[in-house]
Amino acid sequence: MLLHLQRRLLAVLPIALGVSMICFLLVYLAPGDPLQTLLPPDADAETVAKLKQLYGLDRPLPLQYLAWLWQVMGGDLGQSIATGRPVLSEIRRSLGNTVLLAAVAVLIAFPLAMLLGTIAGYRSGGWMDRGVTGTAILGVSLPNYWLGIVLVILFSVELGWLPASGMGPDGSGTFNPLHWEQLRHIILPVVTLSMIPVGIIARTARASISEVMAQDFVTTLRANGLPERRVLRHAVKNALPSVLAVMGLQFGALMGGSILVETVFAWPGTGFLLSKAILTRDIPVLQGTILVLAMIFVATNLAVDLFQSSLDPRIKRG
Amino acid sequence: MSVTTTPAPVLAPPLAAPRSRGYWGTVGYRLRHDPVTLFFGALLLMIILSALFAPWLSPFDPYKESIIRRLKVPGYMGHLLGTDELGRDMLSRLLHGGRITLMMGFVPVLVATLVGGGLGILAGLAGGRVNALIMRVMDVFYAFPSVLLAVAISGAMGGGVFNALLALSLVFIPPLCRVAETATTQVRNLDFVDAARATGAKLHLVLWHHVLGNVLGPILVYASGMISVGILLGSGLSFLGLGVKPPEPDWGLMLNTLRQAIYVNPLLAALPGIAIFLTSVSINMVSDGLRSAMDVRL
Amino acid sequence: MSAAPLFLRDPRDVGGPAQPLLDVRDLRKHFPIRGGALQRVVAKVHAVDGVSFSVMKGETLGIVGESGCGKSTLARLLMRLVEPDSGEQVFDGEEVGSARGISVAGLRRQVQMVFQDSASSLNPRMPVQGSVAFGPRAHGMGPAESVALARELLQQVGLNPALFGPRYPHELSGGQKQRVNIARALALRPRMVILDEAVSALDKSVEAQVLNLLRSLKQQMNLTYIFISHDLSVVRWISDRVMVMYLGEVVEIGPAEQIYTAPRHPYTRALLASRPSMDPDHRLEEPPVTGDPPNPVNPPAGCRFHTRCPHAEAVCSARAPRLGLTQGARDHHAACHLHDPASGHSLAMVRH
């Protein structure tokens, strides 16, 4: 197991470096001089000189990358063009809100998806199965930002039950689940965001459960008079590891993928930050946020991988 | 798995064997007998044709603005689906908007199928270090959630249709490369490739007749499923202002600009989304039908 | 296609009947095991390790051994589907791959192979007559002509060409597929056919039919066979001579009758003892081989069989025995210290 851990960490390191390299190159993808990309248009000569020196923009690209990487490792992601604040503090203020959104969405998706997947997998091929599978296809075909708009039309505009955007009073502060006003604000974004994980987790659960149901020992257990409830419990237990793994992967993907939903609901998370950075062409914020989100994605994938191998005795050999 | 024992030599069995259709023949036969796939295929064809012939089908000029006709309900003054926030005809804009949205789905997948599929086949055939090099680079791109990668690239390069197409192509290359690599590695290790090599045939003949035909199927099925993802991502980019520039009509961008209309005429804001949804559902259903039709046990 | 009359010499026959059709000297293949991010070689599998033998014109050489002993790698090496690390391969007096000898493409026109897995050795997307016609087609025969040839060959292996020719592999049974594979191997009119476990996956009754077919085709087309199998009875039935392999090495080679009635190597005896015997009089008083063969990544030093051999002594783990002629038998070689009076093994002289 320790060997496996070591190997996985060694395998992730080059990927993380590659990810950082792509993020570094984003500045060069932008049209024009990278200096102009990184600085507000009204920057004074002193700031320009300082930045030039900091990044060594006249040095060859690999050296620039190493200098940049050194800065980043020290926690310096540059300064926002729009606000002038350090990029890291901008990300810090919004990261928690996105974690909250993604975590709640995945947690809500879990029971619903398990229920749907179990129903479908229990009698695979039956009409319930076809219904659930068909719904899953509809689910992944649905643009979730549009679903968000439709939900706003329904529940905010027409019915007036829930707020259309934002986080409510003292929004970007700490979230208090007992605070009714804050709770009202999170409902629509979370429901919208959980669409995709529901579909994907349900599909995983269905596959795993129908696989168990088709196995010979299940037939034997049934023939021996084991109650259906126990058979089902066994199947669900068997499905749990892979479902939990997919949940982890989905959490990582939602962290990076919530930009559209956050934009629709003006939810002050990293996605909304990105969306604002795009509108104002705030490249340092764009670069820093994408770096942080991609690294979180890499880290969750690694965590899921380690979690899975700790459960599966076959992987232990490494 | 039953192995029928046949008396040797088998020369004239009394019963006529079922006519062989061949692989693609069987796939075609199955598709023709699958009403759901046929229905969504027809729907998709209609959407594509109406986008293609938008200039001839549109009742109004999609760019013509009118201050007095803003956000009107369907049916108003001959506007079958009403008017948008600048008084332009919704139906005409939806018809024209399909062109760019569909392009966002098809072009990047085509590019990625050629580039990613090609790289994957190369990696699978070459094996060893070439394989490791190609696949490790793909792993890096795989380490981004797809939405994030698309936003990162087109966000850095600035908006515009070309940049969005480029970003989406880069998003789709790694998964297609992986699928192609897996399929090629599997086929390459099958004995019939060795048997073909053992005839002393030139390598390109072996690749063309024995490898490619067996690899193309899985790649195409996967690619067809990616088209709807491309449409969702592409209109998502437009929604964020990273795709088409106004006043160009595009479903994603329309969804964004019509957001302000939800308090006046909510139905209008929903229309472009319905168009995106219908398109992506039909592509998914056709892809799904194709997948099961091509799932011939060999 | 008509069978070549036996009394006429094949124009491709260079050296005459006394020259071996195939001569293999010290053939070696170690597969690298790569690991780590840089794909460096971390270990080597000793798949085929210094194998030498020859095959005479018109004979059938059987090759037996447990799975993993290097039989299949040897077959692929002989076809040059896998490049050998070292060793010589001489086909009818011409060295394979050397400037003055025969090219690999030239070799493949004269040597063909039938694979074990009849299902995976036919392209699922091609009608079987297409698979048979592929070789001639690739060598420049016209499309109509090559299909006609393919159909003729299908007829020859006992398949009705009108019925089976246009079919796809999944529409055929295992035995039928293997007949197609044989037809494909014959399409280039080879002089030698390597049969790698060609009947192992078939039902017993189908196996017998295919074996009979192979025997009659050999006579009709004047073929030489290398017949690789783990099934000792089948090998005995079809082979003139038999070669026994263990962990990438030849341990014994000789006339089939002698190998089966008077085996010299303890491994061969153990192999024969472990097969279900039909005849109680011919049961050998030798313990069967137990356990799995050692890992070919790190083969044992000295004699590779000493870890499982009932007669193993210090000399066996110290020195590798040479493949030498055994006493009292013509053309019968074994690689065992028991049969080398100079080996220093305590039983070396006692036995014979």
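Every read-out reported here was derived from the displayed coordinates using simple, explicitly stated rules and does not represent laboratory data. Every value quoted in this text rests on a predicted model; they were computed, and no experiment measured them. All Cβ positions, even for glycine, are placed from backbone atoms using ideal geometry, and neighbour counts span all protein chains on display.
Rounded to the nearest 5, what % of the DSSP beta bridges within chain C are antiparallel ones? Intermediate results must be reported in sequence, preceding the final value.
Numbers: 29 of 47 bridges.
That works out to approximately 60 percent antiparallel.
Rg and Dmax of region C:57-150, Cα atoms, in Å?
Gyration radius and largest Cα-Cα distance of region C:57-150: 15.8, 44 Å.
Evaluate E = 1/(1 + (r/R0)^6) for residue C:301 and residue A:181, where r is the Cβ-Cβ distance and R0 equals 56 Å; express this FRET efficiency to the nearest 0.05.
Numbers: r = 79 Å, r/R0 = 1.41.
Step by step, r from the Cβ atoms, then E = 0.10.
Can you return the aspartates and glutamates within cross-link range of residue A:276? Criterion is Cα-Cα under 18 Å, with same-chain partners fewer than 8 residues away left out.
Once the sequence-local aspartates and glutamates are set aside, what remains near residue A:276 is A:90, A:262.
Could you check how many percent of all C-alpha pairs in region B:221-298 are farther apart than 15 Å?
Numbers: 1834 of 3003 pairs.
Considering region B:221-298, 61 percent of its Cα-Cα pairs are separated by more than 15 Å.
If you average 1/r over all unlike Cα pairs in region C:22-261 and invert the result, what Kirkwood radius do you get in angstrom?
Values: mean 1/r = 0.0536 Å⁻¹.
Value: 18.7 Å, from the Cα pair sum.
Output wanted: per-residue J couplings in Hz (rounded whole) for region C:180-194, from phi through Karplus 6.51 cos²θ - 1.76 cosθ + 1.60, θ = phi - 60°, x for Gly and Pro.
4, 4, 5, 4, 4, 5, 8, 4, 8, 6, x, 9, 10, 10, 9
Counting other C-beta atoms within 10 Å, which of A:270, A:280, B:83, B:185 has the fewest, and how do the rest follow?
Details: A:270 32, A:280 13, B:83 28, B:185 17.
Result, fewest neighbours first: A:280, B:185, B:83, A:270.
Run the quick spin-label model on residue A:89 and residue A:233: label points 7 Å from Cα toward the beta carbon, then report their separation in nm to one decimal.
For the pair residue A:89/residue A:233, the computed spacing is 5.5 nm.
Could you work out the relative contact order of chain B, using alpha carbon pairs under 8 angstrom and six or more residues apart, expressed as a whole percent?
On the way: 410 pairs, mean separation 70.7, N = 298.
Answer for chain B is 24 percent.
Report for the protein assembly as shown the percent antiparallel among DSSP-assigned beta bridges with both residues inside it, nearest 5.
On the way: 32 of 51 bridges.
Around 65 percent of the beta bridges assigned by DSSP in the protein assembly as shown are antiparallel ones.
Using Cα springs under 10 Å in a Gaussian network model of chain B, which residue among B:66, B:50, B:287 shows the largest mean-square fluctuation?
Highest fluctuation among the options: B:66.
So what is the relative contact order of chain C, in percent, for Cα pairs below 8 Å that sit 6 or more residues apart? It would help to have the intermediate numbers written out before the result.
Numbers: 658 pairs, mean separation 61.8, N = 352.
Averaging sequence separation for qualifying contacts and normalising by length gives 18 percent for chain C.
Given a cut-off of 22 Å, name the pairs among C:57/C:204; C:29/C:71; C:177/C:218 whose C-alpha atoms lie farther apart than that in the structure shown.
Working: C:57/C:204 29 Å; C:29/C:71 12 Å; C:177/C:218 19 Å.
Pairs exceeding 22 Å: C:57/C:204.
For residue A:107 and residue A:311, what is the calculated FRET efficiency with R₀ set at 30 Å and r taken between the beta-carbons, to the nearest 0.05? Intermediate results must be reported in sequence, preceding the final value.
Working: r = 20 Å, r/R0 = 0.68.
The formula returns an efficiency of 0.90 here.
Taking neighbour counts of Cβ atoms within 10 Å as a proxy for exposure, in what order, fewest first, do A:213, A:255 appear?
On the way: A:213 19, A:255 25.
Ordered by Cβ neighbours within 10 Å, fewest first: A:213, A:255.
Could you compute the FRET efficiency for residue B:38 and residue A:45, with r as their C-beta to C-beta distance and R0 at 56 Å, rounded to 0.05?
On the way: r = 68 Å, r/R0 = 1.22.
Here the calculated transfer efficiency is 0.25.
Which helices, counted as full DSSP H runs in chain B, have an axial Cα extent of no less than 20 Å and a Kyte-Doolittle average of 1.0 or above?
Numbers: long enough: B:35-52 (25 Å, 2.42); B:90-126 (52 Å, 1.48); B:128-142 (21 Å, 0.77); B:161-188 (39 Å, 1.07); B:213-239 (39 Å, 1.47); B:266-294 (42 Å, 1.22).
What comes out of the filter, once short or polar helices are dropped, is B:35-52, B:90-126, B:161-188, B:213-239, B:266-294.
Considering chain A as a Gaussian network with a 10 Å cut-off on Cα pairs, which listed residue, A:42, A:282, A:129, attains the greatest mean-square fluctuation?
With Cα springs under 10 Å in chain A, the top fluctuation among A:42, A:282, A:129 is at A:42.
Roughly how compact is the protein assembly as shown, stated as its Cα Rg over 2.2 N^0.38 Å to two decimals? Walk me through the numbers on the way to the answer.
Numbers: Rg = 35.1 Å, N = 968, 2.2 N^0.38 = 30.0 Å.
For the protein assembly as shown, the normalised Cα radius of gyration is 1.17.
Compare A:103, A:11, A:239 in a GNM of chain A, Cα atoms joined below 10 Å, and give the one with the largest fluctuation.
With Cα springs under 10 Å in chain A, the top fluctuation among A:103, A:11, A:239 is at A:11.
Taking the Cα atoms only, what angle lies between the long axis of helix C:204-221 and the longest principal axis of chain C, rounded to 10 degrees?
Tilt of helix C:204-221: around 70 degrees.
Would you mind checking the tilt of helix C:143-156 against the longest principal axis of the Cα atoms of chain C, expressed as 0 to 90 degrees and rounded to 10?
60
Could you please tell me the mean projected area of the C-alpha convex hull for region C:138-268, averaged over all directions and given in square nanometres to one decimal? Write down the numbers at each step before the final one.
Numbers: hull surface 38.4 nm².
If you wrap the Cα atoms of region C:138-268 in a convex hull and average its projections, you get 9.6 nm².
Roughly what angle does helix A:228-257 make with the longest principal axis of chain A, taking Cα atoms, 0 to 90 degrees, to the nearest 10?
Tilt relative to chain A: about 10 degrees.
Going by how many other Cβ atoms sit within 10 Å of their own, how do C:25, C:189 line up, fewest first? Before the final figure, lay out the partial values.
Details: C:25 15, C:189 18.
Least crowded to most crowded, the residues run C:25, C:189.
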